[in-house]
């Protein structure tokens with residue numbers, strides 16, 4: 001059979017036109033067409049085959065070009081994605097720089113305002129002095145400024161360099177009793193070997209929104225401590241904490257019928273801003289002693305029947321504060337139960353009132369600015385200048401909130417919202433007859449707000465750390481203060497004996513003034529109970 005025989009049509013295929021014998025006609029027979037391939041010459045077939053090969057090569061070149069274009073587009077997409085990431089990073093950096101610039105501008109504006117105020121005072125002083133110089137000398141009959149006089153029992157040659165002042169001393173709430181208030185012995189008693197007599201302080205006019213509580217009425221005697229501390233230990237470890245006189249309680253949010261400044265519950269809303277330096281040791285000692293006193297007065301009566309009703313969540317909280325066996329022994333003992341309750345209150349106050357979360361919820365814009373500033377300040381790679389700007393921004397935000405007209409209403413709502421859940425837990429621990437516990441607890445919350453606003457208004461880093469408990473946590477005199485009445489001796493000896501911590505009542509508080517020397521300073525020692 002010849003090579004062309006397979007192209008011959010069947011005998012019955014007589015339909016359709018026949019293909020022309022014209023050699024120039026190279027039309028390809030498609031489906032649906034009938035043609036006589038046997039009429040095509042060999043030369044025509046070769047020509048048709050060559051044309052198909054050429055078309056195939058053209059298609060291959062087109063596919064290659066399309067693949068190259070696809071590859072080019074992919075490369076361009078990769079480049080655009082990279083540039084998009086770079087632009088996003090640049091945008092974040094610009095946002096951070098903008099925030100820093102705003103903080104620096106605000107700081108500069110505050111400084112300019114302060115300088116302008118100083119210039120105004122200087123101009124007034126110059127004007128007054130010029131008028132006085134231009135006048136003839138006259139006899140000065142104006143009384144001299146009152147200088148505090150030392151009490152009669154203080155001899156002149158041993159008088160302390162600092163005048164005795166009761167204005168800025170923290171004042172204990174009315175639930176403090178003489179036989180229950182745990183107070184550090186008066187430092188003057190350590191100097192003169194005797195306790196001071198009763199003292200009738202003068203009523204003073206507070207000029208600061210962050211000023212300490214003012215005294216209202218005369219107390220018959222100074223409140224003394226029911227638990228005696230070692231004088232050496234107290235002078236070296238415990239901050240300067242004096243005894244306080246009591247004051248009448250006024251329900252929060254109402255006006256005193258005796259004196260509008262008799263209680264400091266409305267101090268944050270009634271008075272003006274204070275720019276004085278915050279005494280962190282005194283404020284923290286005062287606040288933690290209030291919580292301890294409240295726990296001792298109202299939640300220090302073990303009751304096996306009532307304690308069975310304590311919710312599981314509260315029991316778990318006690319277990320986290322110490323281990324299971326130790327927490328139970330602390331809870332059933334009248335000499336240690338209040339320490340465990342005070343730890344619960346202190347941890348709650350530290351988280352809600354002594355950190356920047358105190359002002360959370362005042363406004364969404366302020367929350368966002370503070371959140372971004374806090375994140376930047378906690379970044380280890382952030383420069384000192386950036387950290388300073390963020391601290392100034394947060395401190396300024398706290399002051400702005402305090403000056404806002406809506407602050408008073410927000411403060412009332414904040415105190416109620418934060419006190420109610422904690423009170424729900426403490427109510428299971430109350431002793432019978434604790435009728436004034438709620439009012440005094442609100443007083444404690446109000447004081448926590450006051451102290452928190454004072455501390456957060458200062459651009460300074462503050463860290464809180466409660467000591468761990470367990471077999472590998474030992475007493476450290478540089479950061480801890482032992483509160484066990486039955487453990488006596490030298491703190492260094494306790495360290496060498498490797499006495500372990502069974503409960504951390506208060507945290508170690510360290511401040512770092514990066515606006516100044518940047519050296520960390522311990523402003524409050526952790527009060528602890530030890531295991532022998």
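Evaluated at q = 0.09, 0.21 Å⁻¹, a Debye calculation over the C-alpha positions of the range 417-526 (equal weights, vacuum) places log10 I(q)/I(0) at -0.39, -1.10. Quick check on the range 359-503: take the gyration tensor over C-alpha atoms, sort the square-rooted eigenvalues as a ≥ b ≥ c, and tell me if it's rounded (a/c under 1.5), prolate or oblate. It comes out oblate by the Cα gyration axes.
With both labels modelled 7 Å from their Cα along Cα-to-Cβ, the residue 461 to residue 94 distance reads 3.1 nm.
Packing, taken as the mean count of other beta carbons within 10 Å per residue, orders the peptides 430-438, 304-312 from highest to lowest as 430-438, 304-312.
Each peptide in 70-83, 493-506 gets a packing score, the mean of other Cβ atoms within 10 Å over its residues, and the list from highest to lowest is 493-506, 70-83. In nm, what is the difference between 0.36 nm times the number of residues separating residue 87 and residue 108 and their Cα-Cα distance? Separation in residues times 0.36 nm, less the Cα-Cα distance, equals 4.5 nm.
Grouping the Cα pair distances of the range 297-343 into 5 Å bins from zero gives a pair-distance distribution of 5, 22, 35, 31, 7, 0 percent in increasing distance order. When 338, 286 are sorted by how many other C-beta atoms sit within 10 angstrom of their C-beta, beginning with the fewest, the order is 286, 338. With the simple model of a label 7 Å out from the Cα in the direction of the Cβ, residue 304 to residue 438 spans 3.2 nm. Our note on the geometry: Cα centres of the range 475-532 and the range 319-348, 18 Å apart.
Rule-based calculations on the coordinates, nothing more; no lab input. Source: prediction; values computed, not measured. All Cβ positions, glycine included, derive from the backbone under ideal geometry; neighbour counts span all protein chains shown.
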